[in-house]
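See below for the structure under consideration.
The values are calculated or read from the model by the stated rules, or taken from the named source; none is laboratory data. Computed from a predicted structure; not experimentally measured. Reconstructed Cβ throughout: ideal geometry from the backbone, glycine too, with neighbour counts over all protein chains shown. Side chains included, ligands, DNA and RNA excluded: accessible areas come from the protein's heavy atoms. Shrake-Rupley method; radii C 1.70, N 1.55, O 1.52, S 1.80 Å.
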Amino acid sequence: MNLIVAVDQNWAIGNKGKLLVSIPNDQKNNFRARTMGNVIVLGRKTMDTFPQRRPLPNRTNIILSRDPEYRVKDAIVLHSLEELREELQNYPTESVYVTGGDSIYRQLLPDCDTAYVTMIDHSYEADAFFPNLDQDPDWVMEEESDEMTYFDIPYFFRTYRRV
């Protein structure tokens, strides 16, 4: 299983329920290109950040929520990790992408073997963080793109693999 995340220098991913920064190249040529036609796994709070709070098109959206009454049209809503793991058996593991937020990443990181990380070379005020894979002996950075910039913000696309 894969995960895809954008982090700052401190491995922060969000603040007050929002992304730290939206980089169009990251959203279009990384996130959209990788997840299109595949399965995305996310939490309810992340779902609430999507346009009109609707599932992303041309993907199977699987939402994990503890609320047994929570429903989303055109998405699969599950209420436990056990239900999620059972549902994910219906899909090839290489087509599944964990997309956040922080509690979903932390719960599913042990199930993932590839991490696509957009590393933003800037530090933001944040209240949500992703585990620092550079300090985790179970992960190794396998690839890093050349530096790109969005206005004055440098960023890189990195691929990490579980060792």
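Here are the numbers:
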quantity: Electrostatic dipole magnitude of segment 30-163 [Cβ: Lys, Arg +1; Asp, Glu -1; Cα centre; debye, to 20]; calculated: 720 debye
quantity: Chymotrypsin sites (Phe, Trp or Tyr not before Pro) restricted to DSSP loop in segment 72-163 with at most 13 other C-beta within 10 Å; calculated: Phe151
quantity: Which labelled figure in [x] 1, 8, 16, 17, 15, 13, 10, 9, 7, 3, 1, 0; [y] 1, 7, 13, 14, 14, 11, 6, 4, 4, 3, 3, 4, 5, 4, 4, 2, 1, 0, 0; [z] 2, 9, 18, 23, 21, 16, 7, 3, 0, 0 is P(r) over Cα pairs in 5 Å bins from 0, in percent, once derived from the coordinates; calculated: [z]
quantity: Segment 67-162: GluC sites (Glu not before Pro) in DSSP coil with no more than 13 other Cβ atoms inside 10 Å; calculated: Glu69, Glu125, Glu147
quantity: Positive dipole terminus of segment 1-138, leading residue within Ser65, Gln52, Ala75 (C-beta point charges); calculated: Gln52
quantity: Loop-exposed trypsin sites (Lys or Arg not before Pro) per DSSP, neighbour cap 12 Cβ within 10 angstrom, longest uninterrupted part of the chain; calculated: 74-163
quantity: Whole-percent carbon and sulfur share, accessible surface of the chain, 1.4 Å; calculated: 46 percent
quantity: In sequence order, calculated HN-Hα J values of segment 102-111 (Karplus, 6.51, -1.76, 1.60; Hz; x Gly/Pro); calculated: 4, 5, 5, 4, 5, 5, 9, 3, x, 8
quantity: Potential lengthening between Gln89 and Arg71 on full extension [0.36 nm per residue; Cα-Cα distance subtracted]; calculated: 4.3 nm
quantity: Helical contribution to [θ] at 222 nm, DSSP H n ≥ 4, -39,500 (n - 2.57), averaged over the chain, rounded to 500; calculated: -2500 deg cm²/dmol
quantity: Asp67 accessible area, 1.4 Å probe, all protein chains in place, Å² to nearest 10; calculated: 70 Å²
